[in-house]
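Written below as structure tokens is the structure these notes are about.
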Amino acid sequence: MSEAGPNGNVQMDVEAISVDIYDQIYNLRGSNPEYIAKLAALVDAKMRAVSAQGATVDSLRVAVLAALNIADELYAMREKYSELAGSMDRVSQSQTTLRSRADSLAGLLDEVLQERKAG
């Protein structure tokens, strides 16, 4: 349940969750334990993939390489998002132009029809 804190902001309930990342248990707290568990599983999988590809057993080195892999994925997704947002802007501008042209043509057609009725 949520309630207003002393400054009036809504505070979410914080729950504890234990996660296993690369054979280490971490006790974490957050408002969405299921989401935290998914994130921990992703980090664990990345660390295991890095470890399987390399000869290093140093968990700190594995963690840094896994973080670089995750950062690479994030960066690529942000680039793709920017491309898609730009495409959406261009589509929106095209729609606006087409609507404007359609309105102009409709106005011209109305004028021609009015002239024919009058004449």
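The values are calculated or read from the model by the stated rules, or taken from the named source; none is laboratory data. Values in this document were obtained by computation on a predicted structure and should not be read as measured data. Here Cβ is always computed from backbone atoms with ideal geometry, including for glycine, and neighbour counts include all displayed protein chains.
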Looking at (1) free of Cβ contacts under 8 Å to residues at least 24 places away in the same chain; (2) surrounded by 10 or more Cβ atoms within 10 Å (Cβ to Cβ); (3) assigned to a helix (DSSP H, G or I), can you tell me which one Arg48 breaks?
(1)
For a quick check of your reading of the model, give me the residue pairs whose first member lies in region 58-84 and is small (Gly, Ala, Ser), whose second is surrounded by 14 or more Cβ atoms within 10 Å (Cβ to Cβ), with beta-carbon atoms closer than 7 Å and at least 6 apart or on different chains.
Ser59/Tyr22; Ala63/Met47; Ala66/Val43; Ala66/Lys46; Ala66/Met47; Ala66/Val50
For region 100-112, indicate whether the set of residues that are outside any helix (DSSP H, G or I), among the acidic types (Asp, Glu) and either surrounded by 10 or more Cβ atoms within 10 Å (Cβ to Cβ) or touching a residue at least 12 places away in the same chain (Cβ under 8 Å) (or both) is non-empty.
no
Only one of Asn7, Asn27 is at pLDDT 95 or above, surrounded by fewer than 10 Cβ atoms within 10 Å (Cβ to Cβ) and not in a helix (DSSP H, G or I). Can you tell me which?
Asn27
Verdict on Ala85 being more than 30 Å from Asp20 (Cβ to Cβ), of a type in the set (A, V, I, L, M), assigned to a helix (DSSP H, G or I) and under 21 Å from the mean Cα position of the chain (by Cα):
yes
